[in-house]
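Here is the structure we will look at, set down as structure tokens.
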Amino acid sequence: MPVLPSLLSPRRWLMLAAVALLAGCTIAPPRTDDPLEKFNRKMYGFNDALDRAVIRPVAVGYRKVTNPPVRRSIGDFFTNIRMPITIGNDLLQARPIHALRNTGRMLINLTVGIGGFFDPATKMGLPLENTDFGVTLARWGLPEGDYLVLPFFGPSTVRDMWRIPVDGYFFNPLSRYARHHDFKAGQYYLPELIYLISERSRAMDAEDFLKSAYDPYVFMRDAYRQRRLYLIYDGNPPANVIEKLQGLDENGYDPEQLLDEQRQWEKQHQGENPATAPPAY
């Protein structure tokens with residue numbers, strides 16, 4: 001499947017997760033169960049360098065030649081055209097009502113919303129819902145596995161990484177469109193490239209979250225984990241699951257000590273690039 005639409009840096013994931021989390025929860029404290037952290041930090045650094053060198057400059061140029069209404073319409077179009085990913089996984093999760101509701105939302109936006117460039121469905125009481133194959137596996141009981149940062153694709157887990165080939169091959173219309181056309185000059189990848197640029201552009205509005213993090217890698221990791229948890233439980237995870245996510249169920253957990261370690265780490269590493277620095281705990 002094409003790589004471009006998933007070529008999003010850890011920064012982009014952080015931004016989207018942070019925006020979503022601000023609506024009703026806070027970022028979970030850092031967790032120590034990251035056995036692949038050494039590898040993950042290297043991949044984080046690679047993806048971040050790629051973003052700085054290639055993806056972000058293109059997104060900056062995109063913002064210069066478009067205005068907010070145009071960017072919003074382009075974002076709405078790609079959100080709507082990718083709805084089959086959510087609908088397909090609704091069916092795999094044995095949630096036919098959700099599948100019907102999201103199908104109705106997609107059809108309304110395709111027709112009344114002029115090809116999906118506008119979002120009248122939300123105003124009609126059909127808010128956007130997102131799910132994917134990683135959430136499907138979680139709802140059928142598959143364990144999360146280790147946290148994993150994938151080159152080019154960004155944050156994931158051993159369980160979540162399966163959404164990349166499954167959703168991309170079976171449900172993503174952009175991928176299917178590119179896959180079933182001849183590539184004389186690669187022009188059929190253009191919609192996916194525009195989608196990537198659009199998503200990166202939207203993330204720029206939240207870049208201050210990354211700048212304020214004492215360790216962007218840790219902040220991004222925990223933001224990703226919490227966002228995924230809220231997707232799995234439809235925004236209302238059980239209290240014991242939240243406690244496990246935050247490490248409150250571990251013996252010897254001391255949040256005050258953890259905060260003090262974070263402050264000490266920040267003082268000792270001022271001016272360094274925390275993406276590749278060793279953990280502070």
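The values are calculated or read from the model by the stated rules, or taken from the named source; none is laboratory data. For clarity, every value in this text was computed on a predicted model and none was experimentally measured. Because the Cβ atoms are built from the backbone with ideal geometry, glycine has one as well, and the counts that use them run over all protein chains shown. Accessible surface is based on the protein model in full, side chains and every heavy atom, while ligands, DNA and RNA are left aside. Shrake-Rupley method; radii C 1.70, N 1.55, O 1.52, S 1.80 Å.
In this structure, is Pro173 at pLDDT 95 or above, within 29 Å of Arg72 (Cα to Cα) and open to solvent by less than 60 Å² (accessible area, probe 1.4 Å)?
Here the answer is no, as Pro173 does not meet what is asked.
Looking at the range 22-75, which of the residues that are in a loop (DSSP other than H, G, I, E, B) and open to solvent by 70 Å² or more (accessible area, probe 1.4 Å) is modelled with the highest pLDDT?
It comes out as Asn67.
With the checklist (1) part of a loop (DSSP other than H, G, I, E, B); (2) in contact with a helix residue (DSSP H, G or I) (Cβ under 7 Å, 6 or more places away or on another chain) in hand, flag the one item Ala203 doesn't pass.
(1)
Conditions (1) in contact with a strand residue (DSSP E or B) (Cβ under 6 Å, 6 or more places away or on another chain); (2) open to solvent by 40 Å² or more (accessible area, probe 1.4 Å); (3) modelled with pLDDT under 60, marked per residue:
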| site | (1), (2), (3) |
| --- | --- |
| Ile197 | no, no, no |
| Ala203 | no, no, no |
| Arg225 | no, no, no |
| Asp234 | no, yes, no |
| Asn240 | no, yes, no |
| Gly252 | no, yes, yes |
| Gln264 | no, yes, no |
| Gly271 | no, yes, yes |
| Pro274 | no, no, yes |
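Could you tell me whether any residue of the range 158-173 is under 21 Å from Val241 (Cα atoms), outside any helix (DSSP H, G or I) and in contact with a helix residue (DSSP H, G or I) (Cβ under 8 Å, 6 or more places away or on another chain)?
Yes; the residues of the range 158-173 include at least one that is under 21 Å from Val241 (Cα atoms), outside any helix (DSSP H, G or I) and in contact with a helix residue (DSSP H, G or I) (Cβ under 8 Å, 6 or more places away or on another chain).
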